[in-house]
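**Student:** Sharing a structure with you now.
Values in this text are rule-based calculations from the coordinates and carry no lab data. Since the model is a prediction, treat every value here as computed from it, not as a measurement.
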Amino acid sequence: MFVLVGALNAWLGERCVIMSAILSGFVDAHAAAALVASAMSRAEISLPAAIVAVLASITSNAVMKIIVAYQLAGMAFATCIALGLIVMIGIVWVAAWRLIA
């Protein structure tokens, strides 16, 4: 995964890291964070792009959690999970946006 992302990053730039973080966030947010940290340590992406990539991976991971909650326990449980995740991730996005801007 890292080799593929590195090659795509050389071709597409920071957008590739963000897209890769979103896709890998559906499966594992920690792997996406490691991917972004690796790209950041090699100076392949800027700090604002790294922040967006990590938050995008956490967001995509939350979407997957809501889908799994719905599949396993139904709409009532998924709604409870969704409300908590939306509030939590919304606050983090607002804080990050203020940090970046």
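**Student:** In whole Å, what three semi-axes, largest first, describe the equivalent ellipsoid of the chain built from its Cα gyration tensor (square root of 5 times each eigenvalue)?
**Tutor:** Each semi-axis is √(5λ); the values are 28, 16, 8 Å.
**Student:** Using a Gaussian network for the chain with springs between C-alpha atoms less than 10 Å apart, which of these wobbles most: Leu83, Leu35, Leu47?
**Tutor:** Result: Leu83 has the largest fluctuation of those listed.
**Student:** Once whole DSSP H runs in the chain are found, which of them have Cα atoms spread over 20 Å or more along the helix axis and a mean Kyte-Doolittle score of at least -0.5?
**Tutor:** For the chain, where a helix must reach 20 Å along its axis and average at least -0.5, the hits are 47-73, 75-100.
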